[in-house]
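The values are calculated or read from the model by the stated rules, or taken from the named source; none is laboratory data. In this text the structure is predicted, and so the values were computed from the model without any measurement. Every residue, glycine among them, receives a Cβ derived from its backbone with ideal geometry; neighbour counts consider all protein chains shown.
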């Protein structure tokens with residue numbers, strides 16, 4: 001089984017950040033949150049925020065904002081229509097029928113892109129699209145229990161990620177691991 005991180009791995013960028021800017025265009029008052037969002041993404045990428053800190057700090061903002069979204073599913077379709085070009089070409093070359101994406105991105109926002117790419121299995125953060133309530137934040141060490149809950153007996157043959165630091169627990173589980181940086185894929189294990 002091949003397992004992939006999504007953001008900055010299969011997807012060229014951070015889809016959560018791109019979603020934020022997508023909603024910023026629809027609701028310009030979000031501009032006041034730009035510094036906070038950029039700061040949060042930077043802290044996450046540097047491994048300087050725990051899952052618990054992220055959840056307690058950002059969950060109230062997300063829940064509050066979701067109260068203003070009329071049709072999240074339609075927004076996801078529109079978002080992915082506009083962002084399909086950011087899927088890195090290497091993925092189609094390596095794709096297998098049993099691929100799994102394990103991502104911090106919400107499963108609700110990933111459903112459309114996974115269907116379009118033919119990815120049947122996505123393990124991500126759990127967010128209620130109607131309320132914005134987060135019940136699972138699937139990042140760093142929390143990716144392993146989420147993955148094992150979905151695939152208790154699975155072995156990871158190959159794992160692809162952009163971050164050796166943030167995805168160390170999945171790298172350790174895999175037989176082989178690869179770092180994706182732009183167009184380069186480097187085996188690290």
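Out of 49, 112, 102, I need the residue that is surrounded by 13 or more Cβ atoms within 10 Å (Cβ to Cβ) and assigned to a strand (DSSP E or B). Which one?
Within the list 49, 112, 102, the selection yields 102.
Just to verify a result, which residue in segment 151-167, among those that are under 20 Å from residue 13 (Cα atoms) and touching a strand residue (DSSP E or B) at 6+ places or on another chain (Cβ under 9 Å), is modelled with the lowest pLDDT? Full working, then the answer.
So in segment 151-167, the residues under 20 Å from residue 13 (Cα atoms) come out as 159-167.
Those still in the list that are touching a strand residue (DSSP E or B) at 6+ places or on another chain (Cβ under 9 Å) too: 159-164, 166-167.
Working: 159: 98, 160: 98, 161: 98, 162: 96, 163: 94, 164: 94, 166: 90, 167: 95.
Among those that are under 20 Å from residue 13 (Cα atoms) and touching a strand residue (DSSP E or B) at 6+ places or on another chain (Cβ under 9 Å), it is 166.
Restricting the search to segment 126-180, which residues are free of Cβ contacts under 8 Å to residues at least 60 places away in the same chain, farther than 28 Å from residue 73 by Cα and assigned to a loop (DSSP other than H, G, I, E, B)?
Across segment 126-180, the qualifying residues are 152, 153, 164, 175.
Pairs, please: C-beta under 7 Å, at least 6 apart or cross-chain, first residue farther than 14 Å from residue 113 by Cα and in segment 64-77, second at pLDDT 75 or above and surrounded by fewer than 14 Cβ atoms within 10 Å (Cβ to Cβ)?
Sorted first by the residue in segment 64-77, then by its partner, the pairs are 66/131; 68/27.
Checking residue 55 against (1) surrounded by 13 or more Cβ atoms within 10 Å (Cβ to Cβ); (2) touching a strand residue (DSSP E or B) at 6+ places or on another chain (Cβ under 7 Å); (3) at pLDDT below 95; (4) not in a helix (DSSP H, G or I): exactly one of these is not met. Which one?
Only one criterion is unmet by residue 55, namely (4).
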